[in-house]
Structures are given as C-alpha cells and as structure tokens.
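Engineer: Provided herewith is a single structure, encoded as structure tokens, for subsequent inquiry.
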Amino acid sequence: MRLATWNVNSIRARVDRVTDWLERADVDVLAMQETKCSDEQFPTMPFAALGYDVVHCGFNQWNGVAIASRVGIDDVAVGFDGQPTWSSDDAVEAAAEARALGATCGGVRVWSLYVPNGRTVDSPHYAYKLEWLAALRDTAGRWLADDPAAPIAMVGDWNIAPTDDDVWSVEAYQDSTHVTPPERDAFAAVVDAGYADVVRPFAPGPGVFTYWDYTRLAFQKRRGMRIDFILGSPAFTDRVTHAEIVREERKGKGASDHAPVLADLAD
DNA sequence: ATGGTAGGGGTCCTA
C-alpha cells in the first residue's frame, strides 16, 4: 500500500495536478491539508473517476483536511476521540475545529493533520498550537496504550521543523514559529509516545525539505523547511519498505508550496 | 530593503 500526504494549498485550484499525480505515482491513500474549501465545495468527481473515495472536513470557513482512498474508507472520525477539548482561548476557538480527520483505509488508521500554524510566538495562536499538540500526544499515546499492535499513521503538515537541519537557514527563522524549543519538544513528545518519522531514514538531511515559500524564488534557491511528516506507530513503521519526498511536484507554475511525501507499506 | 507570491473572498487576511 502506498500512503501519501500533501498540503495542496486549495484543492479546487490544484485538483488536476493532484489527481494527475495520484495516478502517475500509483498512490492508494492520500491525506490532504489546506483544501481551502467547504465540504460541499470539495471536487470529489475527479477523484471518483480514478476510483477514490473521499472524506473531507472543513473548518473555520476557509480551510479543511481530507483523505482520498482507493482501498476503502471506514470508521471516519473527526478530532481526537470526538473530543476537541484542547481549545481554551476565544480568539482561537474558531480555528479549533477539526484539524484532524481520521479514517481506516486498507486496515491502517490514517490521520490527516493540519497542525495550527502559530503565526508568531507572542500570538494566542502559538499558545493554542502547543495545547493542540499536547492533546494530540495524549490521545495518540492512549491509542497505543490501548492497542500496541495498531497500525496508525499520523500524517500531514506539522508546521514544525524538528531540528536545525530541517531549515535552510537558522538565522532566517530566528525568533520565528516552527523552530522554537517548545514546538520541537511537542513534536518530540509525539515521537516519544511511539510514533516514528518513517521518511527520514530514506531522506537524510540536512537540506531536505517539504515546503518552500512562494516568494523570493525560495524553491529555486533551495530555501525550504521540512515540516510535512509521516509518523508511524510501531506496527506501521515495521511495514515501511520505502519513503520519499516528491520534490518534483513542487516545480513549475501552478504547484502547491508543499511537496507530497509518501511511504510504501508491505502487505 | 519587513520586501516577495499565491489563494480565497470580497475591496484584506492567511500562509
């Protein structure tokens, strides 16, 4: 089974490019982030034409996460245990809705995650980001405590560069979100809870990225960040035979600012 | 030299 994650930066602007790649890369399950549409607006037909079922969850009126699968979609869930209890600040309450969409696809529990951006370190959105990640760690840890043999993939845009090797310039991100110790600690806590970065062994750094800003010719100058991840539970990680960041899909006019990331699993 | 670009929704906000 081939599982991929891609921050598509508007599915309506990108649907041809996304479905073309799904077919070309022979992807079975794709988790999408930043769909930038409502549930009603999601273009399901181009996916259905290729044999994919789609489940989508819009939030905060301008964004959404989705999962497309041609190996079945069962047990769809929104949030964590259906309890989005991690919101505390009214200012960010509206953004709190389902940034996490889960489904069982081909026997694997797949979560499409869009971790809050954080905006700036002095913003309530930054505090909310840390709360959200703590709730994710607690819930995901509980799943493994309940069933250590469960194949679970926590995939998506984490909006965190876990180490200095994951940014093109440490100086460029001084005092910015995505690289602060609390964010890196929160990411590491999810890993410590039992979810391994399954792509890194196949894409060693430094200088290996998944996101490049649209401005200032960042992609051409290789100025990016590694913020999109496939984290796997032990039962998932044991099955991974190959993984890669598909940098090619960031090229050209009409590309998302993120590249897709994929992993292959043995049956 | 706090610029630059892309997307969505509407005459600006988010990333």
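Engineer: Got a sec? Which of A:Ala96, A:Ala91 is modelled with pLDDT under 90 and assigned to a loop (DSSP other than H, G, I, E, B)? So that I can check it myself, show each step before the final result.
Structural biologist: On the way: A:Ala91 fails: assigned to a loop (DSSP other than H, G, I, E, B).
Selected residue: A:Ala96, the only one of A:Ala96, A:Ala91 that is modelled with pLDDT under 90 and assigned to a loop (DSSP other than H, G, I, E, B).
Engineer: For A:Val208, state whether it is aliphatic (A, V, I, L, M), under 16 Å from the mean Cα position of the chain (by Cα) and closer than 21 Å to A:Pro260 by Cα. Show your work before the answer.
Structural biologist: Details: aliphatic (A, V, I, L, M): yes; under 16 Å from the mean Cα position of the chain (by Cα): no; closer than 21 Å to A:Pro260 by Cα: yes.
Here the answer is no, as A:Val208 does not meet what is asked.
Engineer: Among the strands (runs of 3 or more DSSP E) contained in the stretch A:1-77, which hold 1 or more residues that are touching a residue at least 60 places away in the same chain (Cβ under 8 Å) and more than 9 Å from DNA strand B (Cβ to nearest atom)?
Structural biologist: Numbers: elements: A:2-7, A:29-33, A:53-59, A:63-69.
So the answer is A:2-7, A:29-33, A:63-69.
Engineer: Name the residues in the stretch A:144-200 that are over 15 Å from the mean Cα position of the chain (by Cα), part of a loop (DSSP other than H, G, I, E, B) and under 22 Å from A:Gly107 (Cβ atoms), would you?
Structural biologist: Correct list: A:Asp147, A:Pro148, A:Ala149, A:Ala150, A:Pro151, A:Ala193, A:Gly194.
Engineer: Considering each residue of the stretch A:35-60, count those that are buried (at least 18 other Cβ atoms within 10 Å of the Cβ), among the hydrophobic types (A, V, I, L, M, F, W, C) and closer than 15 Å to A:Asp16 by Cα, and give that number.
Structural biologist: 2
Engineer: Report yes if A:Val71 is of a type outside the set (Ser, Thr, Tyr), over 22 Å from A:Asp257 (Cβ atoms) and surrounded by 24 or more Cβ atoms within 10 Å (Cβ to Cβ), otherwise no.
Structural biologist: Numbers: of a type outside the set (Ser, Thr, Tyr): yes; over 22 Å from A:Asp257 (Cβ atoms): yes; surrounded by 24 or more Cβ atoms within 10 Å (Cβ to Cβ): no.
Answer is no for this residue.
Engineer: I've got another one for you. Which of the residues spanning the stretch A:180-228 are within 16 Å of DNA strand B (Cβ to nearest atom) and in contact with a strand residue (DSSP E or B) (Cβ under 6 Å, 6 or more places away or on another chain)?
Structural biologist: A:Phe209, A:Thr210, A:Tyr211, A:Trp212, A:Ala218, A:Phe219, A:Gly224, A:Met225, A:Ile227, A:Asp228 - these are the residues of the stretch A:180-228 that are within 16 Å of DNA strand B (Cβ to nearest atom) and in contact with a strand residue (DSSP E or B) (Cβ under 6 Å, 6 or more places away or on another chain).
Engineer: Go through the stretch A:129-164 and count every residue that is among the acidic types (Asp, Glu) and either modelled with pLDDT under 95 or surrounded by 15 or more Cβ atoms within 10 Å (Cβ to Cβ) (or both).
Structural biologist: Initially, the stretch A:129-164 is screened for residues among the acidic types (Asp, Glu), giving A:131, A:138, A:146-147, A:157, A:164.
Subsequent filtering for residues that are either modelled with pLDDT under 95 or surrounded by 15 or more Cβ atoms within 10 Å (Cβ to Cβ) (or both) retains A:131, A:138, A:157.
Looking only at that region, the number is 3.
Engineer: Next question, about the same structure. Considering only residues that are more than 22 Å from A:Met32 (Cβ to Cβ) and of a type in the set (D, E, K, R), look in the stretch A:201-235 and name the one that is surrounded by the most Cβ atoms within 10 Å (Cβ to Cβ).
Structural biologist: Step by step, filter the stretch A:201-235, then rank; the result is A:Arg223.
Engineer: Continuing with the same structure: Among (1) at pLDDT 90 or above; (2) away from DNA strand B (no atom under 16 Å from the Cβ); (3) touching a Pro at 6+ places or on another chain (Cβ under 9 Å), there is one condition A:Tyr126 misses while meeting the rest; what is its number?
Structural biologist: The number of the failed condition is (2).
The values are calculated or read from the model by the stated rules, or taken from the named source; none is laboratory data. Every value quoted in this text rests on a predicted model; they were computed, and no experiment measured them. Quick reminder, even Gly has a Cβ in these numbers, built from the backbone with ideal geometry, and neighbours come from all protein chains shown.
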